[in-house]
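The values are calculated or read from the model by the stated rules, or taken from the named source; none is laboratory data. Since we're looking at a predicted model, the values are computed, not measured. For neighbour counting, all protein chains shown are included, and Cβ atoms are generated from backbone atoms with ideal geometry for every residue, glycine included. We work out accessible area using only protein heavy atoms, side chains counted, and drop any ligands, DNA or RNA first. Shrake-Rupley method; radii C 1.70, N 1.55, O 1.52, S 1.80 Å.
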Amino acid sequence: MEEVDVEPAVTNIPSASAGKHLGFAWGPGDILVYETLYKRSGASQSGYPFIHEVRKDEDIYSPILRKLFNESHHIFVGLQTIKEDLPSKNKKPQFVSISKNYRSVIRACMEELRQVAVSSKDAEEAMQSGNQVSILLAIELIWNLCEVLFIEAAPAGSLLLHLLDWVRLHKPVDEKTREVLQSESPAEHHDYWDVVLGYVLQGRLEEARQMLMKQATLQPAARSMFKLMDTLLSKMPFYDPSGTQTLTEFDVKWRHWHEEVDRCLQDNSFASNQHLELICKILVGDEDTLLEHKELLSTWYHFLVTRLLFCHPTVKPVELHFYAQSCMTMFLDPRSVPEPLDSILLAAFEFDIHQVIKDCSIALNNWWFVAHLTDLLDHCKLLQSHNLHFGSNLREFLLLEYASGLFTHHSLWQLAVDYFDHCPEFGRVYLELQIERVPLDTERKALKVLRICEQRQMSEQVRSICKIMAMRALRNNRLGSALSWSIRAKDAAFATLISEKFLQDYCNRGTFSDLDLIDNLGPAMLLSDRLTFLGKYREFHKLYGEKHFGEAAKLLLSLMTAKIAPRSFWMTLLTDALPLLEQKEVIFSAEQTHELMFCLEELTSSLNTITPGTDRPMQEEDIEVTKVELLRLALARNLAMAIVKEGTVEA
């Protein structure tokens, strides 16, 4: 029998074995365990200064199981797009199809894990893969049964057909059949009769008849007996939901067949062949005979379906729990404790959806199964009565838990965003809390996170991410990137700081870095005065470079007179005006020259009032004095030329 849960991995914590007092903190995917400062009386030895990370969910670190998470995410998103206003009758085929898609993803991962378990040379890896296969087998078994009972909601007659398919899928006899058929003499193979009985127990009577033909050719004397058995097998009726026959008509026909089989048994028609007599007893539904072949049935639920097939083929859904309980009691050792899987399947047969989800949550080692199954059942309107007392329904609670676990993984966190999006009550709050914990290792990852936040108008998180990235870029002296992030964050103070850094860098090097960014600031330059100045100052340099001297002069003057330029940068601006003042053609008008003179005087007066005793190198003072003298001379010459020019024009 498949085990639902496996033994948890042991994490060795030295402090625990030393009897130390431990504290712990729960996380979405792990637990942090640490030694506290608490000391018991008499304790003197010092502890270990470590924090241990104990992982609860190892599955998200398995490359194969990550495929399960990725594939099921696409199915989940598709399920959310099914329109609520469609009639239930129209939606049912879609829900069944989605359920089968989930199961196909589970089976694909199971096959891949099985191959790893067989081919791996690492014993530990092979054992771990084998354990994961067992868990997925159990998950698919439970999901398939839930699909039959809850989603398909098959009525009497069809119900048994679905249960037969369920058992055949999970208890195949084909592998043993292959061994028998590939032998030199299949009818004499030691597993031959096990294969025949296996087919009969699963209601695969056509295959059983084909196998019996091989035995009939070896025993010509018993040909009539084999022919009688072949007739009984071929005449066994199966309900056809698409046919015209009613369930009552089928029941009458089946009872006639059953009485015929019983007569053959009472007449000792097969007394001379124990194997055929055994098949006849199975066909008549003899419980003792079935229980004698537990090794072929292997599970109580296989016994249940076989018993229904040969005793109660028109079983109704409401009667299932009675037969399931009795079959489980008969099949299992009364002294043994039922496995978690047994309890879950029994709860499903009792149509207790809530108990199925509860038991699976306890038994399984992650939330993937319960989250997706509950979501599907909720869409089928089967969980309406199960609301929780703390503000959210069962579906949302399980999806939030599952998505929170995904957020602990370096790449799967992106899937979790969609799960939070489809949790109307608390999804937004959870996403805001979790998105802030995503480590922004690279700029590419930061842009991914930022895009997610911007799409959802999460302005606080957008600002936080941009500030973090801006600070990181500034620490690495990447001014262009830092400015870009601060603009995205709409952080005026930080944009001012970086603009200052740009201007300092210009003063030191004489050129601007990241020209593309500064040239294309656009309306973003209005974020702060300093950023506006940086953009306009760069615009001045472009105009000067393109020899648009008049426009350049006007812009330079406006930067000073409008007080946009910082006072510390005035001398640089006045120095930039020198080449324009030295041009042969008069560029600054008399009025503009007066304004420049006024700015120069204002600057020199402020320089002269610097607190005495301030240590300034003599050479630096000399340079400043020289600059001021050159500027005064150039301004005086330009003023004279401007007055002459303007006077001449007026005359």
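Numbers for the structure displayed
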quantity: Filter result for residue 180 (over 25 Å from residue 160 (Cα atoms) and either among the β-branched types (Val, Ile, Thr) or crowded, with 17+ Cβ neighbours inside 10 Å (or both)); calculated: yes
quantity: Leading residue by the ranking (modelled with the highest pLDDT) among those in region 388-437 that are of a type in the set (Val, Ile, Thr) and open to solvent by less than 10 Å² (accessible area, probe 1.4 Å); calculated: 417
quantity: Filter result (touching an Asp or Glu at 6+ places or on another chain (Cβ under 9 Å) and either outside any loop (DSSP other than H, G, I, E, B) or not assigned by TED's automatic domain parsing to the domain that holds residue 228 (or both)) within region 256-277; calculated: 265
quantity: Qualifying positions in region 266-284 - open to solvent by less than 30 Å² (accessible area, probe 1.4 Å) and at pLDDT 90 or above; calculated: 276, 279, 280, 282, 283, 284
quantity: Which listed residue is touching a Ser or Thr at 6+ places or on another chain (Cβ under 8 Å) and within 19 Å of residue 306 (Cα to Cα), from 232, 247, 205, 228; calculated: 205
quantity: Residues of region 210-265 satisfying the condition of being among the small types (Gly, Ala, Ser) and open to solvent by less than 40 Å² (accessible area, probe 1.4 Å); calculated: 216, 222, 243
quantity: Residue match in region 370-379 (condition: closer than 13 Å to residue 142 by Cα, among the hydroxyl-bearing types (Ser, Thr, Tyr) and open to solvent by less than 30 Å² (accessible area, probe 1.4 Å)); calculated: yes
quantity: Cross-chain or 6+ apart pairs with Cβ under 6 Å, region 354-377 first and over 20 Å from residue 416 (Cβ atoms) and part of a helix (DSSP H, G or I), then small (Gly, Ala, Ser) and open to solvent by less than 30 Å² (accessible area, probe 1.4 Å); calculated: 355/347; 356/347; 356/348
quantity: Close pairs from region 216-244: first assigned by TED's automatic domain parsing to the domain that holds residue 203, partner open to solvent by 60 Å² or more (accessible area, probe 1.4 Å), Cβ under 6 Å, at least 6 apart; calculated: 216/223; 237/253
quantity: Residue check for residue 192: open to solvent by less than 40 Å² (accessible area, probe 1.4 Å), modelled with pLDDT under 90 and not aliphatic (A, V, I, L, M); calculated: yes
quantity: Residues of region 321-353 that turn out to be in contact with a Phe, Trp or Tyr (Cβ under 7 Å, 6 or more places away or on another chain) and free of Cβ contacts under 8 Å to residues at least 40 places away in the same chain, as a count; calculated: 5
quantity: The listed residue being within 38 Å of the chain's Cα centre (by Cα) and modelled with pLDDT under 80, out of 482, 489, 493, 565; calculated: 489
quantity: Any hit, region 302-311, residues being aliphatic (A, V, I, L, M) and farther than 16 Å from residue 149 by Cβ; calculated: yes
quantity: Flag if residue 208 is among the hydrophobic types (A, V, I, L, M, F, W, C), touching a Leu at 6+ places or on another chain (Cβ under 9 Å) and within 17 Å of residue 284 (Cβ to Cβ); calculated: yes
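Conditions tested, residue by residue: (1) crowded, with 19+ Cβ neighbours inside 10 Å; (2) in contact with a strand residue (DSSP E or B) (Cβ under 7 Å, 6 or more places away or on another chain); (3) without any contact (Cβ under 8 Å) to a residue 60 or more places away in the chain; (4) of a type in the set (Phe, Trp, Tyr).
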| site | (1), (2), (3), (4) |
| --- | --- |
| 107 | no, no, yes, no |
| 119 | no, no, yes, no |
| 125 | no, no, yes, no |
| 135 | yes, no, no, no |
| 145 | yes, no, no, no |
| 148 | yes, no, yes, no |
| 155 | no, no, no, no |
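Okay, residues lined up against (1) in a helix (DSSP H, G or I); (2) under 28 Å from residue 539 (Cα atoms); (3) modelled with pLDDT of 75 or more; (4) of a type outside the set (Phe, Trp, Tyr):
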position: 578; (1), (2), (3), (4): yes, yes, yes, yes
position: 585; (1), (2), (3), (4): no, yes, yes, yes
position: 592; (1), (2), (3), (4): yes, yes, yes, yes
position: 599; (1), (2), (3), (4): yes, yes, yes, yes
position: 612; (1), (2), (3), (4): no, no, no, yes
position: 629; (1), (2), (3), (4): yes, yes, yes, yes
position: 635; (1), (2), (3), (4): yes, yes, yes, yes
position: 640; (1), (2), (3), (4): yes, no, yes, yes
position: 647; (1), (2), (3), (4): yes, no, no, yes
